[in-house]
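J.: Structure provided below as structure tokens; questions to follow.
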Amino acid sequence: TLQEDPTLERNFKGHKDVVTCADFSPNNKQLATGSFDKNVMIWNLTPKSRAFRFVGHTDIITGVHFSPGGSLVASSSRDQTVRLWTPGIKGESTVLKAHTASVRSVHFSNDGQRLVTASDDKTVKVWGVERRKFLYSLNRHTNWVRCARFSPDGRLIASCGDDRTVRLWDTAARQCINVFTDYGGSATFVDFNASGTCMASSDADSTLKIWDIRTNKLIQHYKVHSAGINNFSFHPSGNYLISASSDRTVKILDLLEGRLIYTLHGHKGPVLTVAFSREGDHFASGGADSQVLMWKTNFDSLNYRDLLSRHSKRVTPDPPPHLTDIFPRSSHQHQAQNGTIEDVRDHDTATTSCRDQHSSGIGLGPARTHTQHREEEDREDEVRFAHGTMTSIEERSGIPSNITSTLENIVQQLDILTQTVAVLEERLTLTEDKLRMCLDNQALLLQQNHRVDQSDEERETEEPFV
């Protein structure tokens, strides 16, 4: 995929004060933002659609988050409450009260059943969404808690705050299972990557750290901002991260290469929030200048919905290639179709708009994908072969086309091989986990049997001989 600079696509004006938080809806049709003006705004991303302003909180909005189904928006506020809004015209809301100080953040679990909130009352609280009820508190922080987030599988909660710690909690046991303390200032924000294997945290000392939570090791450490980091967001692929800072910039990190790739200067004051859309094709930023900016990602225009569907097929790797697929084939004399996406994408001179249109799947109608195009070519080959109309090697046209075709096939087979290796790695990890569990259970059983044997022996020695 060609890498291009992110571009500013829209500027939303409606907040009357500092913009503190932002989140895209799961269907990518709405953007929710909160502000010092005490209002939650829902911006409809379709052109010329009007925004909704939700009024109800009596103090600064500190966090917003869409439920996984998109039917609710949760907001947290300095007024010590959380509200659950229906993101429509009426803007009705339910108020949740249990904190005794400002609520700093709010986040839905991936199943949409629970909410987690962080507060200046030094607690993290978990709520049941369906019944709108407070469930339990997590109380080990010794100062204000600034952020709390569920892991993708909902089994962990990460929280951070002014006690300069990041804590990991087990949601089943409701206990703190790990503490990360190496922070120069207040820990300002924490979140998991999409796979749930890594956790990132930022602090007021302008550093950003990424931890592998399977080994509890610090794997990456960035100091790219010149002032405190207020917020960050992982790209859905896990390959990129954007951060918002009081140094007035948004920075984009390439996590695979471990380097800073972009610095964006769109805001006129401190940037307080950034958020990728669920598809990763857009991101939003908001700050002290009361502006909400929406950017087109561009630097990573892979279609992740496509990619995820390919990943799901990995469980059943492709069958071995057909002989006609391996052998160099003649070039296909297809008629060029005007305006088909594969024709545009296969040229180096493809325009951004065409490539990005293909990525986000907007307005394509029934256009064929590149994969479908290849499958049709393969079927045509097999039909020709079956009817004896395939040309002999000597009759094939030009060497270059044959070499190109062979290279394409090699690339395809390598792709299959890479995917298969990834599946095997995942399965190996699962097997290791299960094996460890089995060994632990076996050790427990052996201990129990040993105790039983000992008690039997003691009983026998105590009984008198008859």
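The values are calculated or read from the model by the stated rules, or taken from the named source; none is laboratory data. None of these values were measured; they are calculated from a predicted model. Here the Cβ is made from the backbone with ideal geometry for all residues, glycine too, and neighbour counts use every protein chain on show. Heavy atoms of the whole protein, side chains included, go into the accessibility calculation; ligands, DNA and RNA do not. Shrake-Rupley method; radii C 1.70, N 1.55, O 1.52, S 1.80 Å.
J.: Would you please list the contacts, defined by Cβ atoms under 6 Å and residues six or more apart or on different chains, that run from a residue in the stretch 165-191 that is within 27 Å of ALA22 (Cα to Cα) to a residue that is hydroxyl-bearing (Ser, Thr, Tyr) and open to solvent by less than 10 Å² (accessible area, probe 1.4 Å)?
T.: Qualifying pairs under 6 Å: VAL166/SER201; ARG167/SER159; ALA187/SER201; THR188/SER202; PHE189/SER202; VAL190/SER201.
Rundown of residues vs (1) closer than 30 Å to THR429 by Cβ; (2) part of a loop (DSSP other than H, G, I, E, B); (3) touching a residue at least 24 places away in the same chain (Cβ under 8 Å), yes/no style:
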{"residue": "ALA227", "(1), (2), (3)": "no, yes, yes"}
{"residue": "ASP247", "(1), (2), (3)": "no, yes, yes"}
{"residue": "LEU256", "(1), (2), (3)": "yes, yes, no"}
{"residue": "LEU260", "(1), (2), (3)": "no, no, yes"}
{"residue": "ARG278", "(1), (2), (3)": "yes, yes, yes"}
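J.: Only one of THR46, THR33, THR20 is of a type in the set (Val, Ile, Thr) and not in a strand (DSSP E or B); which?
T.: THR46
J.: Evaluate the following for PRO464: is it over 26 Å from SER195 (Cα atoms), part of a helix (DSSP H, G or I) and modelled with pLDDT under 70?
T.: Details: over 26 Å from SER195 (Cα atoms): yes; part of a helix (DSSP H, G or I): no; modelled with pLDDT under 70: yes.
So PRO464 fails the test.
J.: Take the residues in the stretch 117-149 that are surrounded by fewer than 24 Cβ atoms within 10 Å (Cβ to Cβ) and among the hydroxyl-bearing types (Ser, Thr, Tyr), then tell me which one is farthest from ASP162 (Cα to Cα).
T.: Applying the filter and picking the extreme gives TYR136.
J.: Still on this structure, I have one more. What about GLY70, is it open to solvent by 10 Å² or more (accessible area, probe 1.4 Å), within 21 Å of the chain's Cα centre (by Cα) and at positive phi? Spell out the reasoning first.
T.: Details: open to solvent by 10 Å² or more (accessible area, probe 1.4 Å): yes; within 21 Å of the chain's Cα centre (by Cα): yes; at positive phi: yes.
So GLY70 passes the test.
J.: Can you find even one residue in the stretch 165-181 that is out of contact with any Asp or Glu (no Cβ under 6 Å at 6 or more places or on another chain), assigned to a loop (DSSP other than H, G, I, E, B) and on the phi > 0 side of the Ramachandran plot?
T.: Within the stretch 165-181, the first condition is being out of contact with any Asp or Glu (no Cβ under 6 Å at 6 or more places or on another chain), and the residues that meet it are 165-176, 178-181.
From what is left, the residues that are assigned to a loop (DSSP other than H, G, I, E, B) are 165, 171-174, 181.
Now narrow it down to the ones that are on the phi > 0 side of the Ramachandran plot: 174.
Within the stretch 165-181 (the criterion being out of contact with any Asp or Glu (no Cβ under 6 Å at 6 or more places or on another chain), assigned to a loop (DSSP other than H, G, I, E, B) and on the phi > 0 side of the Ramachandran plot), the answer is yes, since at least one residue qualifies.
J.: Any residue in the stretch 422-444 that's in contact (Cβ under 8 Å) with a residue 24 or more places away in the chain: show its pairings with residues that are of a type in the set (Val, Ile, Thr) and open to solvent by 100 Å² or more (accessible area, probe 1.4 Å) at Cβ separation under 7 Å, as long as the two are six or more apart or on different chains.
T.: Note: no pairs meet the criteria.
J.: Let me ask something additional. Please state which one of LYS97, LYS90 is without any contact (Cβ under 8 Å) to a residue 12 or more places away in the chain and over 21 Å from ASP170 (Cα atoms).
T.: Details: LYS97 fails: without any contact (Cβ under 8 Å) to a residue 12 or more places away in the chain.
Step by step, each of LYS97, LYS90 is checked, and only LYS90 is without any contact (Cβ under 8 Å) to a residue 12 or more places away in the chain and over 21 Å from ASP170 (Cα atoms).
J.: I would also like to ask the following. Looking at SER105, SER49, which one is hydroxyl-bearing (Ser, Thr, Tyr), under 25 Å from ASN27 (Cα atoms) and at pLDDT 95 or above? Give the derivation first.
T.: Details: SER49 fails: at pLDDT 95 or above.
Just one listed residue meets the conditions, SER105.
J.: Kindly indicate the residue of the stretch 96-116 that is in a loop (DSSP other than H, G, I, E, B) and farther than 23 Å from SER35 by Cα and also least open to solvent (accessible area, probe 1.4 Å) among those meeting that condition. Before the answer, list the steps.
T.: To start, the set of residues in the stretch 96-116 that are in a loop (DSSP other than H, G, I, E, B) comprises 98-102, 109-113.
Within this subset, residues satisfying the condition of being farther than 23 Å from SER35 by Cα are 109-113.
Values: SER109: 1, ASN110: 102, ASP111: 93, GLY112: 19, GLN113: 94 Å².
Filtering the stretch 96-116 for residues that are in a loop (DSSP other than H, G, I, E, B) and farther than 23 Å from SER35 by Cα, the one least open to solvent (accessible area, probe 1.4 Å) comes out as SER109.
J.: Same structure, new question: Hey, could you check the stretch 117-145 for residues that are outside any loop (DSSP other than H, G, I, E, B) and not hydrophobic (A, V, I, L, M, F, W, C) and say which is nearest to LEU31 (Cα to Cα)?
T.: We begin by selecting, within the stretch 117-145, every residue outside any loop (DSSP other than H, G, I, E, B); these are 117-119, 124-128, 133-138, 145.
Among the residues that remain, those that are also not hydrophobic (A, V, I, L, M, F, W, C) are: 117, 119, 125, 128, 133, 136-137.
Working: THR117: 21, SER119: 24, LYS125: 25, GLY128: 24, LYS133: 26, TYR136: 30, SER137: 30 Å.
Among them, the one singled out is THR117.
J.: While we're here: Do we have any residue at all in the stretch 236-248 that's among the acidic types (Asp, Glu) and under 23 Å from THR123 (Cβ atoms)?
T.: Restricting attention to the stretch 236-248, the residues satisfying the condition of being among the acidic types (Asp, Glu) are 247.
With the extra rule that they be under 23 Å from THR123 (Cβ atoms), the set shrinks to none.
No, because not a single residue in the stretch 236-248 is among the acidic types (Asp, Glu) and under 23 Å from THR123 (Cβ atoms).
J.: Another one. Quick one: is ARG164 within 18 Å of LYS209 (Cβ to Cβ) and charged (D, E, K, R)?
T.: Considered against the rule, which asks whether it is within 18 Å of LYS209 (Cβ to Cβ) and charged (D, E, K, R), ARG164 comes out as yes.
J.: Name the single residue, out of those in the stretch 241-279 being under 20 Å from GLU9 (Cα atoms) and hydroxyl-bearing (Ser, Thr, Tyr), that is surrounded by the fewest Cβ atoms within 10 Å (Cβ to Cβ).
T.: Going through the qualifying residues, I end up with THR263.
J.: Any chance the stretch 75-96 includes a residue that's modelled with pLDDT under 95 and of a type in the set (Phe, Trp, Tyr)?
T.: For the stretch 75-96, residues modelled with pLDDT under 95 and of a type in the set (Phe, Trp, Tyr): absent.
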